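Here is the structure we will look at.
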């Protein structure tokens, strides 16, 4: 399925490009951008995700989910985020189908870069909280909250580097209380054609459960801008070290309304 999606995107890349592609979705990357949606604009980033994770002594866990992230430009330097998984289907040692958790976030950009100038970069901070809509096994049934420092750098050779560093307090279903988690991600991207962007991403998370382990993962994918306000995407993530999904496949559609 992924090969077919990527092939379709490459075929679309041969069509005449749009004159000025404005939409810049975060997905299918995990790293979040310090470039905010314009004031008064609304951007919906939606898609499907399928993952598989093997665990010793247990049946492989397979997850299929629909996901959506609504980004609202409240002011020039303020963006409101609302994320939700309206459908999650879990199969493995435990089976369940239902809605996932809701996440609320707020980005504030305190340094704004300039177009075609490598310095200063865009720098922002994001605070977020997870509302525990889903119970186990889909969710923990406990709230999470945290903060990230976001930075976007223009590099030579038309490369762009985006970096997130921060942490979260994760509510624990077993044993109660909270577990501190460190988060660090970096994504390097470049336009491969006038409307086609490719990226390579590294992700690190410390353990999300007391009995868990840290995870280092890699993510690669494509974003094709169909118009100034419409983009499709596809990406594949795999675990490089520690405990995490063997692979995660994402594909989706993003729309910008101004």
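One table, with the values for the structure above:
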{"item": "Highest-first arrangement of 230-237, 155-162, where packing means the average Cβ count within 10 Å", "result": "230-237, 155-162"}
{"item": "Cα long-axis angle, helix 2-12 against the chain (0 to 90 degrees, to the nearest 10)", "result": "10 degrees"}
{"item": "Least to most buried among 84, 257 (fewest other Cβ within 10 Å first)", "result": "257, 84"}
{"item": "Ranked 122, 77, criterion: other C-beta atoms within 10 Å, fewest first", "result": "77, 122"}
{"item": "Bins of 5 Å from zero: percent of alpha-carbon pairs in the range 164-258", "result": "3, 12, 17, 18, 16, 14, 10, 7, 3, 1, 0"}
{"item": "Sequence ranges 170-176, 247-253, 51-57, ranked by mean other-Cβ count within 10 angstrom, highest first", "result": "247-253, 170-176, 51-57"}
{"item": "Percentage relative contact order, the chain, counting C-alpha pairs under 8 Å, at least six apart", "result": "20 percent"}
{"item": "Helical mean residue ellipticity (222 nm; -39500 (n - 2.57) per DSSP H run of 4+; nearest 500) of the chain", "result": "-1500 deg cm²/dmol"}
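Computed from the coordinates by the stated procedures, all read-outs in this text should not be read as laboratory data. Computed from a predicted structure; not experimentally measured. All Cβ positions, glycine included, derive from the backbone under ideal geometry; neighbour counts span all protein chains shown.
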